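Notes for the one structure printed next.
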Amino acid sequence: MGQKARLSNLVELAAMVYWLSTGISFDVACFILKQLKEQEPELFIFGQGKRFMLLLSQDDSLSLVEFDRKRAIASLDEGKAVIPVWLDVIYQQLVLKLTY
């Protein structure tokens with residue numbers, strides 16, 4: 001397994017740990033991971049791509065959408081949960097930890 005593949009696996013694991021720490025169930029975290037890998041595979045390999053967020057919908061389900069600051073603030077103002085999904089930040093933190 002190459003270095004990029006190992007780093008990609010570590011990013012996936014770090015993302016799962018983050019989502020689980022927010023209270024998201026394992027099944028939902030796996031679903032989010034699958035969606036992101038399909039939509040933005042570069043995030044896991046190079047830490048580059050779009051930023052996303054999880055929003056609590058009217059029917060109490062989480063939806064993965066591209067990050068929009070105004071929409072996030074509006075959702076928070078309505079008392080709805082917003083969970084940032086910024087894999088670029090997770091990627092950078094992981095790379096920093098691996099270089100020390």
>> How charged is the neighbourhood of CYS30? Take every other residue with its Cβ under 12 Å from the Cβ of CYS30, and add Lys/Arg as +1 and Asp/Glu as -1.
In response: 0
>> In Å², and per residue, what accessible area does segment 1-48 have when probed at 1.4 Å with the other protein chains present?
In response: 61 Å²
>> Can you give me the angle between helix 3-21 and the longest principal axis of the chain, using Cα atoms only, in degrees from 0 to 90, rounded to the nearest 10?
In response: 30 degrees
>> How much length would be gained if the chain were fully extended between ASP77 and GLN93, taking 0.36 nm per residue of separation minus their Cα-Cα distance, in nm to one decimal?
In response: 2.8 nm
>> Suppose R0 equals 25 Å. What FRET efficiency, 1/(1 + (r/R0)^6) with r the Cβ-Cβ distance, do TYR100 and ARG51 give to the nearest 0.05?
In response: 0.50
> Among [x] 2, 13, 23, 24, 19, 11, 5, 2, 1, 0; [y] 2, 12, 20, 24, 20, 13, 5, 2, 1, 1, 0; [z] 2, 12, 19, 18, 16, 13, 9, 5, 3, 1, 1, 0, 0, which one is P(r) over Cα pairs in 5 Å bins from 0, in percent computed from these coordinates?
Replying inline: [x]
> How far, in nm, would the chain grow between LEU13 and LEU64 when pulled straight, counting 0.36 nm per residue and subtracting the alpha carbon separation?
Replying inline: 16.5 nm
> Over the chain, what relative contact order in percent results from Cα pairs under 8 Å that are six or more residues apart?
Replying inline: 28 percent
> Where does the charge balance sit around GLN58 when Lys and Arg score +1, Asp and Glu -1, over other residues with C-beta under 12 Å from its C-beta?
Replying inline: -2
> Which is the longest part of the chain that has none of the trypsin sites (Lys or Arg not before Pro) sitting in a DSSP loop with at most 16 other Cβ atoms within 10 Å?
Replying inline: 1-49
>> Less than 12 Å Cβ to Cβ from ILE90, Lys/Arg counted +1 and Asp/Glu -1: what total charge do the surrounding residues give?
In response: 0
>> Which one, LEU56, PHE46, LEU87, is farthest towards the positive end of the dipole of the chain when Lys and Arg carry +1 and Asp and Glu -1 on their Cβ?
In response: PHE46
> At a 1.4 Å probe, what is the % contribution of carbon and sulfur to the accessible area of segment 6-100?
Replying inline: 57 percent
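The values are calculated or read from the model by the stated rules, or taken from the named source; none is laboratory data. Source: prediction; values computed, not measured. Using ideal geometry, Cβ is built from the backbone for each residue, glycine included, and neighbour counts are taken over all protein chains shown. Heads up: the accessible areas ignore ligands, DNA and RNA and are worked out on the full protein's heavy atoms, side chains in. Shrake-Rupley method; radii C 1.70, N 1.55, O 1.52, S 1.80 Å.
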